[in-house]
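In what follows, a structure is listed as structure tokens, so that the remarks can point back to it.
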Amino acid sequence: SGGIVIEDDWPGYSLDLFSYPAHYSGDLDCVFIPHGVIMDRTERLARNIMDDLGDHDIVVLCVLKGGYQFCADLVDRIKALSRNSNRSIPMRVHFIRLKSYLNDRSTEDLHILGAEDLSFLAGKNVLIVEAIVGTGKTMKTLLKHVEAFRPKMIKVAGLLVKRVPHNWACLPDYVGFEIPNRFVVGYALDYNEYFRDLNHICVISESGKIKYKI
Ligand SMILES: Oc1ncnc2c1N=NC2
């Protein structure tokens, strides 16, 4: 499934209805996806993943930096399932960083740091965990790279999938939410490294964009 669909006209919730770090007051427009909803959706994704991959060694490939919170919470839910069912499997976690070089401008040539030697993936069930998928270009490149190491199976878990034009066919196998094409922050998603310490997924305000502009 494409996950929970958030429509383009979804206004989000008022910030006054939730708790969030005081140092971000004035920098956010709304709470787009509350933390609790993210956690409940993640718990169900963990069950779907275990149903599909839970029969063989799993290696989780966490795509940094944005994916670290989603990956930590997803792995936590998978562990909870493993210790409460007679069927449990060994799970390893590996971290990779995707950088598109040429200073801060994202370019065509994608560099994958920490993925030089993924030979330990051979014959394993690989779960790539990413926070946000847009056009799918990055994911396509990463999949090709991982396939070269001949895993048994590759699945992709994406917390957010953006509705963007030319959304290439590589939609994640497990999707948390399908969202409008808006810039969101929080839950490890950043704007110039800020907002990673925000618990909800929020929409940044115009003044917030100016305040943290590089
Ligand atoms: O909305 C977003 N928020 C943070 N980071 C990214 C986003 N889209 N691609 C990368």
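The values are calculated or read from the model by the stated rules, or taken from the named source; none is laboratory data. Since the structure is predicted, the reported quantities are computational estimates derived from the model, not experimental observations. Glycine also receives a Cβ, built like all others from the backbone with ideal geometry; neighbour counts cover every protein chain displayed. Just so you know, the surface numbers come from the protein's heavy atoms only, side chains and all, with ligands and any DNA or RNA stripped out. Shrake-Rupley method; radii C 1.70, N 1.55, O 1.52, S 1.80 Å.
With the requirement that a residue be part of a loop (DSSP other than H, G, I, E, B), small (Gly, Ala, Ser) and modelled with pLDDT of 90 or more, what does segment 117-141 give you? Matches in segment 117-141: Ala122, Gly123.
Per-residue answers, yes or no, for (1) part of a helix (DSSP H, G or I); (2) more than 20 Å from Lys162 (Cβ to Cβ); (3) in contact with a Pro (Cβ under 8 Å, 6 or more places away or on another chain):
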site: Pro11; (1), (2), (3): no, no, no
site: Val31; (1), (2), (3): no, no, no
site: Ala46; (1), (2), (3): yes, yes, no
site: Asp51; (1), (2), (3): yes, yes, no
site: Ser82; (1), (2), (3): yes, yes, no
site: Ile89; (1), (2), (3): no, yes, no
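Of the candidates Lys213, Lys144, Lys209, the single residue that is in a loop (DSSP other than H, G, I, E, B) and either surrounded by fewer than 16 Cβ atoms within 10 Å (Cβ to Cβ) or of a type in the set (S, T, N, Q) (or both) is Lys213. Checked against (1) modelled with pLDDT of 95 or more; (2) within 15 Å of the chain's Cα centre (by Cα); (3) open to solvent by less than 50 Å² (accessible area, probe 1.4 Å), Gly66 meets all criteria but (1). Pro165: more than 19 Å from Ile201 (Cβ to Cβ) and outside any strand (DSSP E or B), yes or no? So Pro165 passes the test. Identify, from the list Asn181, Asn199, the residue that is within 30 Å of Pro21 (Cα to Cα), open to solvent by 50 Å² or more (accessible area, probe 1.4 Å) and within 15 Å of the ligand (Cβ to nearest atom). Testing whether each residue is within 30 Å of Pro21 (Cα to Cα), open to solvent by 50 Å² or more (accessible area, probe 1.4 Å) and within 15 Å of the ligand (Cβ to nearest atom) leaves just Asn181.
The condition (being hydrophobic (A, V, I, L, M, F, W, C) and open to solvent by 10 Å² or more (accessible area, probe 1.4 Å)) is satisfied by just one residue among Leu159, Leu113, Leu121: Leu113.
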